[in-house]
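Here is the structure we will look at, set down as structure tokens.
The values are calculated or read from the model by the stated rules, or taken from the named source; none is laboratory data. Computed from a prediction, not measured in an experiment: that's the story for all the values here. So basically every Cβ, Gly included, is an ideal-geometry build from the backbone, and we count neighbours across all protein chains shown.
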Amino acid sequence: MRRVTWFNTTSLTLGFTFLYLPMLILIVYSFNRSELVTVWAGFSTKWYGELIRNEAFLDAAWVTLQVAVVSSTVATVLGTMAALTMVRAGRFWGRTLFSGMIYAPLVMPEVITGLSLLLLFIGIGLDRGVFTIILAHTTFSMCYVSVVVSSRLATFDRSLEEAAFDLGCSPGEAFRLVTLPIIAPAVISGWLLAFTLSLDDLVIASFTAGPSATTLPIKIWSSIRLGVSPEINALSTILIAIVATGVVTASLITKRASLRLQAEERAAEQQA
Amino acid sequence: MTQTVFEPWNDPDATPLIQFQGVTKRFGDFTAIDDQTLDIYEREFFALLGPSGCGKTTMMRMLAGFEAPTEGRILLDGQDIAPIPPNKRAVNMMFQSYALFPHLSVWENIAFGLKRDRMEKSAITERVDRMLKLTRLEKFARRKPHQISGGQRQRVALARSLAKAPKLLLLDEPLGALDAKLRQDTQFELMDIQEKTGTTFVIVTHDQEEAMTVASRVAVMDHGKIVQADTPDRIYEHPSSVYVADFIGDVTIIEGTATPREAGYEIAFAEGQPPLYAETDKTFAKGQACHLAIRPEKVSITAEKPRDKRNALQGKILDIAYLGNISTYHVELPGGQVIKAQTANTRRLSRRTFTWEDTVWLSWTDTAAVLLED
Amino acid sequence: MRRFALIVLPYAWLLALFLVPFIIVLKISLSDIALSIPPYTPTLDLSAGWEGTKRFFAGLDFENFVFLTTDDLYWKAYLSSLRIAAVATFLTLLVGYPIAYGMANAPDHWRPTLMMLVILPFWTSFLIRVYSWMGILSGEGYLNQLLLALGAISEPLTILNTNIAVYIGIVYTYLPFMILPIYAALERMDASLLEAAEDLGCSRLTAFWLVTFPLSRNGVVAGCFLVFIPTVGEFVIPALLGGSKTLMIGKVLWDEFFKNRDWPVASAVAVILLLILIIPIVLFQRNEQKQREAEG
């Protein structure tokens, strides 16, 4: 028995206003004609035009995209392997160390991760650039992927795999034909999570980027240190729009899939 | 003799503890309870029985105060309980899921309601200890709910709801989560505790055997209506409708038309079969469609046609269900009607008289079958 | 063999890119600053053989750690970080709990949408979310404009570049981390427990304090750790919203490294920060494990 009370309604309204109002203001003021960001001087899309003509931002965006795609893909493969190890392998030498290394980056302050990786790259004489950012991002996002995938694997019915073996699958085939399709949603959300983390990251990228590569967050950072700028408002609006579209689409797809599943199950029951 | 029998419902002077007066409950378009009137008396063990969705749980939740009637009144001790919130009612409930607080020990769970009444500490201790003793849980007082077995949890839930000495205890499928063997033992325990405490119990169940075992009266419900409320034996022997006859126990229903004859009626049910005869208090017009309900254990099965019984039919054994103590025979008449007959297995199986495909005679007495309206 | 291959790749990756870097940080924190490349000494020269290794270890000392205790900037920064994180965590709990409660009690068909609305900011750039408050809180910002227009104040308030702005920033950005575990705990709760409490004589409010809140405790604890731990080492929020008086260790480390280029001291700061965080991290892990055991 769930009750809609004034208390619940109020707390939800206030809470979500708090969560969304700042971003809403940002979006509205990205269409402000005025140079002075806090004074409204009429509707204009000129800052979007400025943004598109700004080569430095475009270059940074391109670098960020490359880093995010490569690092999240590698992280997904490694993270899924790590999850399979964690859930399936039972006891092995150094298991505690391994699970410690999987969980530690989740709570590690970014400044420490960034600093330590930078010192490693310098220590082994690796030139800093896109490649080192990819290495750094892969390392911490594979841990996130592994946590997402292991929570799905923990509830995975092992008898499905046993049935596959029983019907003649090799372990590889059983994984490819049975396990992977079933855990695919978790793997995909792991990839998306890794991708966003990489897009978002400022601190670790600042440590590991070096002078030759600049990611979008680093670029944003250097311009907002000086204060609010209308160009950044426009850029933020674009980024928020992309994320919002992605998340809303994903949740609509999930919802439709589950509704269809329900409808099909109901139909099957009525036939029976 | 009348002094010793507990039958307040037959005593016109007795005042009921609970009165449902024309109660209707609707959830949106759905009518869960449809204009029902019912009296429950003090010290009764009253069972609400029916399939899921029949409205029995809604009846109980209205008593507890978690739902309010859309129309009509519910009186407790002559007082309308509608304005009293659940936390102020002298009614306690034992939940189907037990709803034991997982963060509190067994002792604290039982003391929970007493503490709300601001009872003195020593009185609480004494009361909880008494409850623990009553439910044989003394050893588990310090344990948390997840550290005890299902049967023990069930007893904690009972002790907790009884601790406040409510006028009325509601039990929502109290034995549903227990396995069959434990359930039987617990049924007798429940009856025992009910007798000891003298509390009025209202139990909701879908298990007819459970209702028959524990209850002084059973109300059979269907689609928001009480179809029949009576003692277990009356419900079984004199069901008021085909629905009740079919819901309680095993039964064969024969459709036919009634013709008055002597003290009862003759029922014609199939071409080429002799009419059956049954006595009843009800009146049927000549040629009125009727149902004849007959319990399998009242049907004798013999090789020869019995001479002393008016109801005798010949058929072929279609199936035999061996249940250990008894066997149920499904006998098919030439017209295709199947009648069930039960015999006690007093002999060893190898000496069984009848087997598949045997032609046998089924017979029953004039008062064995119940004649019901369409 | 197959299993071995599965384990070895992620294991080796994490050893090389997570554990080894830490050992390097630890080592550099024991080294001395030098005006060369790399800007510290000694360096491990394996080609010099055993003698070189011995010389290397002899060159290590705890000088940087001693330095951290002598300059009160550092321990003040640690204390201030812990205090800011603790206060911010408490504030986040105050804001987050009612939202989680409202979500858990919302009608079933609303809940997936509400859930999505809580997660959505989490996918949005952290930097942008912090940045969005700069325009609101600044002297001529939207909040001051609104308050002045309403006549609530006559002088603009100074909020940006103070600790208040830092608190607002932390509560805002870390709110989903608080809401989600509490919501999960509340949503899992059997509704009949509350009915049982009412049936046994509780009012709504006592039922909340005696049943709902204790049962959501694990969610509250998890949420608090999830906010507290990363907040201690937070850099972006104090750098953007905080002022010169806002002292947080993440910012100190950043400045030590990028501005002063004192790598050994930056490393020592990192080592101490990690030691401080180990306690809450271990407590958090234990809470998670306890919860898993309780469920399983």
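Evaluating A:ALA209 against the criteria (1) within 11 Å of chain C (Cβ to nearest Cβ); (2) within 20 Å of the chain's Cα centre (by Cα); (3) under 30 Å from A:LEU126 (Cβ atoms) leaves one unmet condition, (1).
Within region A:173-184, identify whether any single residue is out of contact with any Gly (no Cβ under 9 Å at 6 or more places or on another chain) and crowded, with 24+ Cβ neighbours inside 10 Å, and answer yes or no. Talk me through it step by step, then tell me what you get.
Kept after step one, since they are out of contact with any Gly (no Cβ under 9 Å at 6 or more places or on another chain), are these residues of region A:173-184: A:173-184.
Next, only the ones that are crowded, with 24+ Cβ neighbours inside 10 Å stay: none.
No, region A:173-184 contains no residue that is out of contact with any Gly (no Cβ under 9 Å at 6 or more places or on another chain) and crowded, with 24+ Cβ neighbours inside 10 Å.
Entry remark, region C:237-255: residues being in a helix (DSSP H, G or I), in contact (Cβ under 8 Å) with a residue 12 or more places away in the chain and surrounded by fewer than 23 Cβ atoms within 10 Å (Cβ to Cβ) number 3 in total.
Residue count for region B:327-373, restricted to those that are closer than 30 Å to B:LYS282 by Cβ and not in a strand (DSSP E or B): 10. Identify the residue in region A:18-43 that is of a type outside the set (A, V, I, L, M) and within 11 Å of another protein chain (Cβ to nearest Cβ) and, among all such residues, is surrounded by the fewest Cβ atoms within 10 Å (Cβ to Cβ). Across region A:18-43, the extreme among qualifying residues is A:TYR20.
Every condition in (1) in contact with a Gly (Cβ under 8 Å, 6 or more places away or on another chain); (2) away from chain C (no Cβ under 11 Å) holds for A:LYS46 except the one numbered (1).
Can you pull out the residues in region B:54-92 that are among the aliphatic types (A, V, I, L, M) and surrounded by fewer than 18 Cβ atoms within 10 Å (Cβ to Cβ)? Residues satisfying the conditions are B:ALA68, B:LEU75, B:ALA82, B:ILE84, B:ALA90.
C:ILE170: more than 7 Å from every other protein chain (Cβ to nearest Cβ), within 18 Å of the chain's Cα centre (by Cα) and touching a residue at least 12 places away in the same chain (Cβ under 8 Å), yes or no?
Details: more than 7 Å from every other protein chain (Cβ to nearest Cβ): yes; within 18 Å of the chain's Cα centre (by Cα): yes; touching a residue at least 12 places away in the same chain (Cβ under 8 Å): yes.
In short, yes.
Residues that are under 22 Å from the mean Cα position of the chain (by Cα) and within 14 Å of chain C (Cβ to nearest Cβ) do occur in region B:64-82, at least one of them.
Quick check, is B:THR199 buried (at least 18 other Cβ atoms within 10 Å of the Cβ), touching a Pro at 6+ places or on another chain (Cβ under 7 Å) and among the polar types (S, T, N, Q)? Here the answer is yes, as B:THR199 does meet what is asked. Listed by position, the helices (runs of 4 or more DSSP H) contained in region B:156-264 that have at least 3 residues being without any contact (Cβ under 8 Å) to a residue 24 or more places away in the chain are B:180-197, B:232-237. Listed conditions (1) farther than 22 Å from A:ILE102 by Cα; (2) modelled with pLDDT of 90 or more are all met by A:CYS169, apart from (2).
Between C:LEU44, C:LEU17, which is modelled with pLDDT of 65 or more and touching a helix residue (DSSP H, G or I) at 6+ places or on another chain (Cβ under 6 Å)? Don't jump to the end; show me each part of the working.
Values: C:LEU44 fails: modelled with pLDDT of 65 or more.
Just a single option satisfies the conditions, and that option is C:LEU17.
Go through B:ALA211, B:ALA165 for me and flag whichever is surrounded by fewer than 22 Cβ atoms within 10 Å (Cβ to Cβ), in the same structural domain as B:TRP107 (by TED's automatic domain parsing), of a type in the set (Gly, Ala, Ser) and at pLDDT below 95. First the steps, then the outcome.
On the way: B:ALA211 fails: surrounded by fewer than 22 Cβ atoms within 10 Å (Cβ to Cβ).
One residue alone meets the criteria, B:ALA165.
For beta carbons closer than 6 Å, sequence separation of 6+ or different chains, a first residue in region A:46-60 that is among the acidic types (Asp, Glu) and a second that is in a helix (DSSP H, G or I), the qualifying pairs are A:GLU50/A:GLU231.
Give me a count of the residues in region A:222-272 that are among the small types (Gly, Ala, Ser) and more than 12 Å from chain C (Cβ to nearest Cβ).
Here is the first cut: in region A:222-272, the ones among the small types (Gly, Ala, Ser) are A:222-223, A:227, A:229, A:234, A:236, A:241, A:244, A:246, A:250-251, A:257-258, A:263, A:267-268, A:272.
In the following step, the residues that additionally are more than 12 Å from chain C (Cβ to nearest Cβ) were identified as A:257, A:263, A:267-268, A:272.
The number of residues fulfilling the criteria is 5.
Taken over region A:135-150, the criterion of being within 11 Å of another protein chain (Cβ to nearest Cβ), buried (at least 23 other Cβ atoms within 10 Å of the Cβ) and not small (Gly, Ala, Ser) is satisfied by A:HIS137, A:THR138, A:THR139, A:PHE140, A:MET142, A:CYS143, A:VAL145. Filtering region B:131-151 down to residues that are in a helix (DSSP H, G or I) and in contact with a Pro (Cβ under 9 Å, 6 or more places away or on another chain), which residue is surrounded by the most Cβ atoms within 10 Å (Cβ to Cβ)? Step by step, filter region B:131-151, then rank; the result is B:PRO145. Among the residues of region B:340-361, the ones that are modelled with pLDDT of 90 or more and over 14 Å from B:ILE320 (Cβ atoms) come to 2 in all.
Test A:ALA75 against the stated conditions and say whether it is surrounded by fewer than 20 Cβ atoms within 10 Å (Cβ to Cβ), of a type in the set (Gly, Ala, Ser), touching a residue at least 12 places away in the same chain (Cβ under 8 Å) and out of contact with any Pro (no Cβ under 9 Å at 6 or more places or on another chain). No; evaluated as a whole, the condition is false for this residue. For region C:55-104, the tally of residues that are free of Cβ contacts under 8 Å to residues at least 24 places away in the same chain and within 14 Å of chain A (Cβ to nearest Cβ) stands at 4.
Looking across region B:6-35 at every residue that is surrounded by 11 or more Cβ atoms within 10 Å (Cβ to Cβ) and assigned to a helix (DSSP H, G or I), the one that is farthest from the chain's Cα centre (by Cα) is identified as B:PRO8. Scanning region A:215-232 for residues that are surrounded by 20 or more Cβ atoms within 10 Å (Cβ to Cβ) and either among the small types (Gly, Ala, Ser) or part of a loop (DSSP other than H, G, I, E, B) (or both) yields A:THR215, A:VAL228. Listed by position, the helices (runs of 4 or more DSSP H) inside region C:101-202 whose residues that are more than 27 Å from A:ASN233 (Cβ to Cβ) and of a type outside the set (Phe, Trp, Tyr) number at least 1 are C:111-123, C:163-188, C:191-199. The single condition among (1) under 15 Å from the mean Cα position of the chain (by Cα); (2) in contact (Cβ under 8 Å) with a residue 40 or more places away in the chain; (3) within 14 Å of C:THR173 (Cβ to Cβ) that C:PRO280 does not meet is (3). Each residue in region A:91-128 was checked for being within 8 Å of chain C (Cβ to nearest Cβ), small (Gly, Ala, Ser) and assigned to a loop (DSSP other than H, G, I, E, B), and 1 pass. Applying the criterion of being out of contact with any helix residue (DSSP H, G or I) (no Cβ under 6 Å at 6 or more places or on another chain) and at the interface with chain C (Cβ under 9 Å from one of its Cβ atoms) to the residues of region B:93-130, the residue that is surrounded by the most Cβ atoms within 10 Å (Cβ to Cβ) is B:PHE112. For B:LYS340, the conditions (1) under 20 Å from B:PRO275 (Cα atoms); (2) surrounded by fewer than 18 Cβ atoms within 10 Å (Cβ to Cβ); (3) of a type in the set (Lys, Arg) all hold with the exception of (2).
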